[in-house]
1. Contact list please: Cβ distance under 9 Å, first residue in segment 273-298 and more than 26 Å from Ala242 (Cα to Cα) and in the same structural domain as Glu226 (by TED's automatic domain parsing), second residue surrounded by fewer than 18 Cβ atoms within 10 Å (Cβ to Cβ) and β-branched (Val, Ile, Thr), pairs at least six apart or on different chains.
2. If you check Ala98 against the conditions, is it of a type in the set (Gly, Ala, Ser), under 30 Å from Glu270 (Cβ atoms) and either buried (at least 18 other Cβ atoms within 10 Å of the Cβ) or touching a residue at least 40 places away in the same chain (Cβ under 8 Å) (or both)?
3. Tell me, which residue of segment 276-326 that is basic (Lys, Arg) and within 24 Å of the chain's Cα centre (by Cα) is farthest from Ala148 (Cα to Cα)?
4. Restricting to segment 90-127, name every residue that is among the β-branched types (Val, Ile, Thr) and not in a strand (DSSP E or B).
5. Anything in segment 28-60 that is at pLDDT 70 or above, farther than 30 Å from Glu230 by Cβ and surrounded by 11 or more Cβ atoms within 10 Å (Cβ to Cβ)? List them, or say none.
6. Across segment 106-122, which residue is surrounded by the most Cβ atoms within 10 Å (Cβ to Cβ) among those that are free of Cβ contacts under 8 Å to residues at least 60 places away in the same chain and farther than 13 Å from Val34 by Cα?
7. Looking at segment 40-89, which of its residues are closer than 30 Å to Asp241 by Cβ and part of a loop (DSSP other than H, G, I, E, B)?
Amino acid sequence: MAGRLLGLVELYLLAVVCAALVAGAAIYVRLRTVVVHVERTLHPPRVYAGSGSRVELLLRNRGRRTPVLSVRDPFHRGWRWARFLVPPLAAGATTRAAYRLPTDHRGIFDIGPLEVILNDPFGLCSARFATAGVTQLTVYPRIDRVGALPTAQGQDPHSGTQRPRALLGSGEDFYALRQYEIGDDLRRVHWPSTARLDELMIRQDEMPWQTRVTILLDVRQSIHTEQSIELAVSAAASIHDASRRKQSLIRLVSTDGTDSGFAAGSAHDEAILEHLAMVEPSRDDRLAGVAATLRRAGNGGSLAIVTTDRISKVDLEAIARLRGRYGTLVLVVVERSAWDANAPAPATLDTPAVSTLVRVRRNEPFGVAWDRAFTSSTGRPTSGVRR
């Protein structure tokens, strides 16, 4: 158009050259065959929030010599990208690359699919192809290393026992589940749990010496903000970690209907942590129903409830009715000042009759508040380090 308006032959020639370059670039990337195989490895694939995780890539050229290639590996559906250039590779040659993953937030994140990009020498055209699938990174909630809940007996005469006791009979009822050990009777395999966990689980017909710990996590949307749910989940994960180190039988219950049941072992622990990694505030309000379930016979031991200072008086009354069932009842309250620097002075909390009250505040994060609460009640510190 410019050549016609100005009557300059040179502009016609420039247009022809540009068109030829674009056509040549398209032909180049169309006909150039690149056969690159990429293996992606995560070290480690499961981490706690704030811990390091590293991706290692092994690129192997299975075709003829390659030009310079671009590689893009997306994280969490393109929220972030890892980008780098790969120098020319001879036939059969390999090269390695690595990068670190962001682990500031809990969750289960997809990495990939990885794209290898071939560009023409002038950068006018490109061809992309995926060569590595999707790998998942699991980021567990941040953990405070705190002391475990004290051993408590409550109405359950076996919840604090220090040695095994046999249950009467050998019918269909059983106390708990545990992982299969060599020598166990295969007739005691609990097949529904085995299918769900992809690991052999044995019916525990003997009352184990472990204490029992129930963690009730309040995830109702009506009492949470984006910041408070993170603090509450971290607190629940910290209590779980302390109970796991004490080899207790652990049960996680939340107000969205989740109930892990009592069990122990790595598969059970990982299932709880994965749920905590993904849990979000829920519109379901099942606290009253959950509290009624926890009051039934067969429950006992220690109970830790994690909620916020927006909990209602009616909910606190429901919690108070659990006191007679559990030997130890700990209420963890995440106050607004814990995440809001401009929060007003907290109002007096009409707490129910609990064994221990842990108030998470601006100057007392969960680990400090937990240690202070149990130091004042036992006289012994339970301090630890943060993961």
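1. Short answer, once both residue conditions are applied: Ala288/Val314.
2. Working: of a type in the set (Gly, Ala, Ser): yes; under 30 Å from Glu270 (Cβ atoms): yes; either buried (at least 18 other Cβ atoms within 10 Å of the Cβ) or touching a residue at least 40 places away in the same chain (Cβ under 8 Å) (or both): yes.
Spelling it out, Ala98 is indeed of a type in the set (Gly, Ala, Ser), under 30 Å from Glu270 (Cβ atoms) and either buried (at least 18 other Cβ atoms within 10 Å of the Cβ) or touching a residue at least 40 places away in the same chain (Cβ under 8 Å) (or both).
3. Taking segment 276-326 and keeping what is basic (Lys, Arg), we get 283, 286, 295-296, 310, 313, 321, 323, 325.
From what's left, within 24 Å of the chain's Cα centre (by Cα): 283, 286.
Numbers: Arg283: 31, Arg286: 27 Å.
Of everything passing the filter in segment 276-326, Arg283 is farthest from Ala148 (Cα to Cα).
4. Narrowing segment 90-127 to residues among the β-branched types (Val, Ile, Thr): 94-95, 103, 108, 111, 116-117.
Matches in segment 90-127: Thr103 only.
5. Applying the first criterion (at pLDDT 70 or above) to segment 28-60 yields 32-60.
Keeping just the survivors that are farther than 30 Å from Glu230 by Cβ gives 32-39, 57-60.
Answer for segment 28-60, where residues must be at pLDDT 70 or above, farther than 30 Å from Glu230 by Cβ and surrounded by 11 or more Cβ atoms within 10 Å (Cβ to Cβ): Arg32, Val34, Val35, Val36, His37, Val38, Glu39, Leu57, Leu58, Leu59, Arg60.
6. Start the filter on segment 106-122 by keeping residues that are free of Cβ contacts under 8 Å to residues at least 60 places away in the same chain, which leaves 109-110, 113, 115, 117.
Then keep just the ones that are farther than 13 Å from Val34 by Cα; that gives 109-110, 113.
Values: Phe109: 21, Asp110: 16, Pro113: 17.
Going through the qualifying residues, I end up with Phe109.
7. Step one: list which residues in segment 40-89 are closer than 30 Å to Asp241 by Cβ, which gives 40-56, 75-77, 79-80.
Passing the criteria: Pro44, Pro45, Ala49, Gly50, Ser51, Gly52, Ser53, His76, Arg77, Trp79.
Yes/no matrix, rows are residues, columns are (1) surrounded by fewer than 17 Cβ atoms within 10 Å (Cβ to Cβ); (2) in contact with a strand residue (DSSP E or B) (Cβ under 9 Å, 6 or more places away or on another chain); (3) farther than 21 Å from Phe366 by Cα:
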{"residue": "Ala236", "(1), (2), (3)": "no, yes, no"}
{"residue": "His240", "(1), (2), (3)": "no, yes, no"}
{"residue": "Arg244", "(1), (2), (3)": "no, yes, no"}
{"residue": "Gln247", "(1), (2), (3)": "yes, no, yes"}
{"residue": "Ile250", "(1), (2), (3)": "no, yes, no"}
{"residue": "Phe262", "(1), (2), (3)": "no, yes, yes"}
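The values are calculated or read from the model by the stated rules, or taken from the named source; none is laboratory data. Given the structure is predicted, the values throughout are model-derived calculations rather than measurements. All Cβ positions, even for glycine, are placed from backbone atoms using ideal geometry, and neighbour counts span all protein chains on display.
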